[in-house]
Amino acid sequence: MKKILFIFCIGLISFTSCKKDVLDKRPLDIITDAVVWNDPALINAYLTQLYAQTAVFTNETPGYTNSWNGDWGASEQHGGPFFINEIADESKAGWGFFCNVTGYKAGGLKIGGGLLEWWEMSYKTTRSLNEFIERVPSSPVDVSIRKQRVAEARFLRAFNYFAMVKRYGGVPLITKVQNVGDPNETLYPARDSEQKIYDFVISEVDAIVSDLDEVPADYGRPSKYAALALKSRAALYAGSIAQFGTVQLNGLLGIPTASANAYYQKSYDAANSIISGGKFALYNADADKVKNFRNIFLVKQNSEIIFAKRHNQVNAMTSGGNAWSYDFLQCPKPHAWDAGNEDAPYLEMVEEFEHLDGTSGTLDRTAIQQGLWSLDNLWANKDPRFFATIYTMGTQWKGTIVDPHNGLILPTGEIISTGSYGGVPALGTQKVDNKFNTSFGVMKYLDEKADNMQWVSQSSTDYTVFRYGEVLLNFAEAAFELGKTGEALNAVNQIRTRAGIATLAAVDREKIRHERKVELAFEGHRYWDLRRWRTAASVLSVNHSGLRYILDYATGKYQIQVVDNVDGETTAPKFYSYNYYFPITIARTGNNKNLVENPGYN
């Protein structure tokens, strides 16, 4: 690398400040290689840029942006963080506006790829990380700073490879900078095995954990506990793939079953190190359980947050800040585009939330479609996480209520769907051209202080990458699979106690998986969980439901209708068994003949 182009003070990760006297010393458009690796401020700026390039920190946001007519919106400014929820069994695409989510969800992931891609951008970032890791140890920087910065870069590289392996399985493992004069096998590498990539991620954490700060002042940078959280998550995935997956392509894909317990043990140990370290705890500052759960995602640097992508309220698109679009796209109205509700949760997702006493939250669909219902009766005694995670008819929002009612029952019994009667409109304020979006939205992460009357980047909510609640659930799952059911039960009950619902007397695999689905809803885990458990082919091949609220003019109560097949008959969800791995794609195998395509794509 002869010259390096830099963008300074990008503000996307609160990592280091840019000092005017440093920036004034030399031209900023072109900085020579020698200068970069001899200037501590430039070294920090280089690493800051690589944090910013790791777009998958934010709910698996893809690392590319195309046109409005294609997959426009693949950045966190334009809808990317929502795709992972919409291809799972959590929600449909509320707008269906930014990406062909519906097509991919309906079995449209083919050999051309295009869904949640993280290949070109990942290798671009990894190349820069490799250079950083090679060059910084010989730079004139204090040894403790060198070790810390290199450890951070290795964490980023491990995170990138984890994002790769859970998509594609085995990928080329490149840990040295490639040069034009290198032999062809270096420039056009073959895929390494899936197991080797998982082992690399885990071993990288082991190598760097003692070089990272225990609890950094800026939790937008990884601590040793963030590294352990990555190890716990990655090892849990590897254990699941070994237990439930199949070895294919002569060992390129899959992990031998005999290795499952060893990976579960690594996950268990890493999670236990975080738990016993005592630096983090379940957030429990608010007596109101609904408010408490909401504030996990709104109160910055609280007791539960291990590592986060940090944001502020400075517009990223026009002012060089690092606010993002989450609130704008996900919120209920009022809204600048008269839209919002990007993710529309399914009724089945809503039903996953139990009652306070631990009884099932599944509705009697025959009973609720008879007579009229008040909202207090319909949603009585629900898990507080329901109200903190979901908005629906009657939810308080910015001094008013969310109102998606679709139809008005007149005193004559007639139902109208247009116009109004007695000053009461037939459609509630949340309806968009009478489009049906399940009548539910995602409340998690929403900040009522965000200005959603401006496009676009007004959200300053930090995005949580690792939190203590997930660590407890990782621990519970690994412990259960290792036969430590008592420890698994204790961990799950800590989560339930914080939530404010009845604890369990016993635990099994399905109860642990259920708790993950509810506690971690819309945080980007569900899709990957179903893939690693190898249950996606059945769970994600189901057409889901929503509710229709019809307002009764005379009583103010609601007639309830269950609306089936909200995904559409011709676009019903379909996950094929070969979709457990994304395609390498024709373009990539064409460019590199040493790459082998994944099974099922032809």
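Summary of values
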| read-out | value |
| --- | --- |
| Per-residue ³J(HN,Hα) for the stretch 262-267, Karplus 6.51 cos²θ - 1.76 cosθ + 1.60, θ = phi - 60°, Hz, x for Gly and Pro | 5, 6, 4, 5, 4, 5 |
| Using alpha carbons only: equivalent-ellipsoid semi-axes of the stretch 551-593, gyration tensor based, whole Å | 49, 11, 8 |
| Approximate shape of the stretch 481-549 as ellipsoid semi-axes (Cα gyration tensor, √5λ), whole Å, largest first | 24, 18, 10 |
| Compactness index (Cα Rg / 2.2 N^0.38 Å), the stretch 496-595 | 1.62 |
| Helical mean residue ellipticity (222 nm; -39500 (n - 2.57) per DSSP H run of 4+; nearest 500) of the chain | -10500 deg cm²/dmol |
| For the stretch 110-124, Karplus couplings with θ = phi - 60° (6.51, -1.76, 1.60), whole Hz, Gly/Pro x | 10, 5, x, x, x, 9, 6, 4, 8, 10, 4, 5, 5, 6, 4 |
| Likely footprinting exposure, 541, 577, fewest C-beta neighbours within 10 Å first | 577, 541 |
| Over 23 Å [Cα-Cα, the stretch 191-350], rounded percent | 59 percent |
| For residue 346, residues with placed amide H under 5 Å, excluding near neighbours | 91, 92 |
| Trypsin sites (Lys or Arg not before Pro) lying in DSSP loop within the stretch 528-602, provided at most 12 other Cβ fall within 10 Å | 593 |
| Amide H within-cut-off set for residue 442, under 5 Å, with H built and near neighbours excluded | 343, 391 |
| Per-bin percent of Cα-Cα distances, the stretch 98-177 [5 Å] | 3, 14, 20, 17, 14, 11, 8, 6, 4, 3, 1 |
| Mean projected area (nm²) of the alpha-carbon convex hull when the stretch 350-424 is viewed from all directions | 6.5 nm² |
| Radius of gyration and Dmax over the Cα atoms of the stretch 489-528, both given in Å | 10.3, 29 |
| Rounded to 10°, Cα long-axis angle of helix 468-481 versus longest principal axis of the chain | 90 degrees |
| Residue-by-residue Karplus 3J(HN,Hα) for the stretch 225-230, coefficients 6.51, -1.76, 1.60, Hz, glycine and proline x | 6, 5, 4, 5, 5, 4 |
| Rg over Rh [alpha-carbon atoms, Kirkwood Rh] for the stretch 427-538 | 1.07 |
| Under the Debye formula (equal points on every Cα, no solvent term), log10 I(q)/I(0) of the chain at q = 0.10, 0.11, 0.12 Å⁻¹ | -0.89, -1.08, -1.29 |
| Principal-axis tilt of helix 194-208 within the chain, Cα atoms, nearest 10 degrees | 70 degrees |
| Between 0 and 90°, nearest 10: helix 143-168 axis offset from the chain longest Cα axis | 50 degrees |
| Rg followed by Dmax, in Å, when the stretch 133-181 is reduced to its Cα trace | 13.6, 39 |
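None of the figures in this text is laboratory data; all of them are computed from the coordinates on show. Note that this is a predicted model, so its numbers are computed, not measured. Heads up, the Cβs are rebuilt from the backbone with ideal geometry, glycines too, and the neighbour counts pull from every protein chain shown.
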